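Visitor: Mind looking over this structure? Questions follow.
The values are calculated or read from the model by the stated rules, or taken from the named source; none is laboratory data. All values reported here derive from a predicted model rather than from experimental measurement. We place every Cβ from the backbone using ideal geometry, glycine too, and count neighbours over all the protein chains shown. Areas reflect the complete protein model, heavy atoms only, side chains present, ligands, DNA and RNA absent. Shrake-Rupley method; radii C 1.70, N 1.55, O 1.52, S 1.80 Å.
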Amino acid sequence: MEDTPMLAFVGALKRASKELQINPIFTTTHRYQPSMDTFLELDTQAQALLPSNPKRSNLFKQFCELKSLLRKLRKLQGHSLSTLLQRYITSYKIYQIAFLIEAETQAYIDNEFMQKLVETLQHVSYEEEKVIILKEVEKRLLRGFDRDFQELVLKAKLFYILESLVCDSTRSKSIREHGATVIVALVRFNRDVFVGLVLMGPIVQALLSMDSCCSIKVLSSLVRLIRIPLIDQIELDGQIPRIISLLSEEDLPIKVATMECICEIAYHGRKEVIEAILEQGLIKKLVELQRSIHGDNLIDIHECNGSENIVDIDGGLQWDTDFNMKGQKTVENPPFASCVAKFSVQVEVGEGLSQKERTNLKLEIMRRIKECNVSEAEFATITAEVLWGSSP
């Protein structure tokens, strides 16, 4: 990896080139944009750093050409038609070369960054450094598709490095979660390339074994991005029971994240997958959650004298409870309010089912509600929500 002065110079050159593109240089006056001066101020560093580096010969050539055009533009005085035309043509050439320099410098920065990323993930022992660079690569990927950067990612075998990181149970949960988040960013970056790698690997099993709110959210994101192929793979690998079992966890954020994941599966999944979910006793679990303090059957909003705050803590959620006038615990905006209806709505409006399948599954959901030994009042409330719909 090259030294910091070179990297700092290239970063400054990239910013100056971008500024030359954003702020038009051509004007009918003799006032020149500050971006011209900013670029020319880099000349001393360019002369010191670029000629001695054979890899940057093309960048040095572009820099010298742009510098020559900027100086030529400054010498073009007057308001004659010929002068204005020359200034316009020169300004356009400056824009073109500035664009090329920005691409060249970005390629250099990306290459240096990828080397540092691989080095840190494979050889650096400090977890803080790994987390920092994983966040940086996620930001880079979220900027959108870039063919050159994809080549660097593939050449460095970044996906397999991240997969190894996520699947290594000896690593800290924080490192594994950040690695999983970057995998989601890779899939968003280019689904055509990275979806297949997710489907062929052990990522889903690793995420479920982590038992964390973040890992379940990552799984939900992957389901949303990959849809039926991933859902079918989850069902084929026998992971549906594991997902449903997470609704019985003591940790509330995990249960909430699991509910969202199940709703994603219900929206995109085929009939066979929805039936497999129902066979695992999902409706009974949802009824129990709806009955609980974090559901809506035990809450009388008119008797609440407190409120609840929901705050994000390290990627999770925390609900603050209060007590009503009768001394009963209450929660405002409970996460499992009308959860049976929410699941039913996802099935009914989902993309993976025919109209006949939606109708049959809705009837099956109604039948399973009746089997849960709920009171007549609870049955009437839940079935009314299922029949008439509830906002998912």
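Visitor: For residues that are within 13 Å of the chain's Cα centre (by Cα) and either hydrophobic (A, V, I, L, M, F, W, C) or in a helix (DSSP H, G or I) (or both), scanning just segment 141-174, find the one that is surrounded by the fewest Cβ atoms within 10 Å (Cβ to Cβ).
Guide: Per the stated criteria, the residue is LEU142.
Visitor: Residue check: is LEU353 in a helix (DSSP H, G or I) and within 23 Å of GLY269 (Cβ to Cβ)?
Guide: no
Visitor: Taking segment 75-91 as the search range and keeping residues that are in a helix (DSSP H, G or I) and closer than 30 Å to GLN45 by Cα, which one is most open to solvent (accessible area, probe 1.4 Å)?
Guide: LYS75
Visitor: Considering (1) at pLDDT 80 or above; (2) open to solvent by 70 Å² or more (accessible area, probe 1.4 Å); (3) under 35 Å from the mean Cα position of the chain (by Cα), say which one GLN45 fails and leave the rest.
Guide: Only one criterion in (1) at pLDDT 80 or above; (2) open to solvent by 70 Å² or more (accessible area, probe 1.4 Å); (3) under 35 Å from the mean Cα position of the chain (by Cα) is unmet by GLN45, namely (3).
Visitor: Something else: In this structure, is LEU165 touching a helix residue (DSSP H, G or I) at 6+ places or on another chain (Cβ under 9 Å), aliphatic (A, V, I, L, M) and at pLDDT below 90?
Guide: When the stated conditions are applied, LEU165 does not pass them.
Visitor: Out of all the residues in segment 55-74, is one or more free of Cβ contacts under 8 Å to residues at least 40 places away in the same chain, touching a helix residue (DSSP H, G or I) at 6+ places or on another chain (Cβ under 8 Å), part of a loop (DSSP other than H, G, I, E, B) and open to solvent by less than 80 Å² (accessible area, probe 1.4 Å)?
Guide: Taking every residue of segment 55-74 in turn, none turns out to be free of Cβ contacts under 8 Å to residues at least 40 places away in the same chain, touching a helix residue (DSSP H, G or I) at 6+ places or on another chain (Cβ under 8 Å), part of a loop (DSSP other than H, G, I, E, B) and open to solvent by less than 80 Å² (accessible area, probe 1.4 Å).
Visitor: On to the next question. Could you name every one of the helices (runs of 4 or more DSSP H) located completely within segment 195-299 that has at least 3 residues being more than 21 Å from the chain's Cα centre (by Cα) and farther than 24 Å from VAL182 by Cα?
Guide: 240-245, 271-279, 282-291
Visitor: Further question: Given the conditions (1) of a type outside the set (A, V, I, L, M); (2) open to solvent by less than 10 Å² (accessible area, probe 1.4 Å); (3) more than 15 Å from VAL340 (Cα to Cα), and given that CYS261 satisfies all but one, which numbered condition is not satisfied?
Guide: All conditions are met except number (3).
Visitor: On the given criteria, is GLU177 closer than 22 Å to LEU199 by Cα, in contact (Cβ under 8 Å) with a residue 60 or more places away in the chain and open to solvent by 30 Å² or more (accessible area, probe 1.4 Å)?
Guide: Yes; evaluated as a whole, the condition is true for this residue.
Visitor: In the set LEU208, LEU186, LEU246, which member is among the hydrophobic types (A, V, I, L, M, F, W, C), more than 26 Å from GLY350 (Cβ to Cβ) and either in contact with a Ser or Thr (Cβ under 8 Å, 6 or more places away or on another chain) or modelled with pLDDT of 95 or more (or both)?
Guide: When all the criteria are applied, what remains is LEU186.
Visitor: Filter segment 181-194 for residues that are open to solvent by 20 Å² or more (accessible area, probe 1.4 Å), within 10 Å of the chain's Cα centre (by Cα) and farther than 27 Å from SER245 by Cβ and give the result.
Guide: Of everything in segment 181-194, just one residue is open to solvent by 20 Å² or more (accessible area, probe 1.4 Å), within 10 Å of the chain's Cα centre (by Cα) and farther than 27 Å from SER245 by Cβ, namely ARG188.
Visitor: Scan segment 105-119 and tell me whether some residue there is under 38 Å from the mean Cα position of the chain (by Cα) and of a type in the set (Gly, Ala, Ser).
Guide: Yes, the conditions are met somewhere in segment 105-119.
Visitor: In segment 92-127, how many residues are within 28 Å of GLN150 (Cβ to Cβ) and open to solvent by 50 Å² or more (accessible area, probe 1.4 Å)?
Guide: Looking only at that region, the number is 12.
Visitor: So, of the residues in segment 50-73 that are within 15 Å of VAL10 (Cβ to Cβ) and of a type in the set (Ser, Thr, Tyr), which turns out to be farthest from the chain's Cα centre (by Cα)?
Guide: If we take residues in segment 50-73 being within 15 Å of VAL10 (Cβ to Cβ) and of a type in the set (Ser, Thr, Tyr), then SER52 is farthest from the chain's Cα centre (by Cα).
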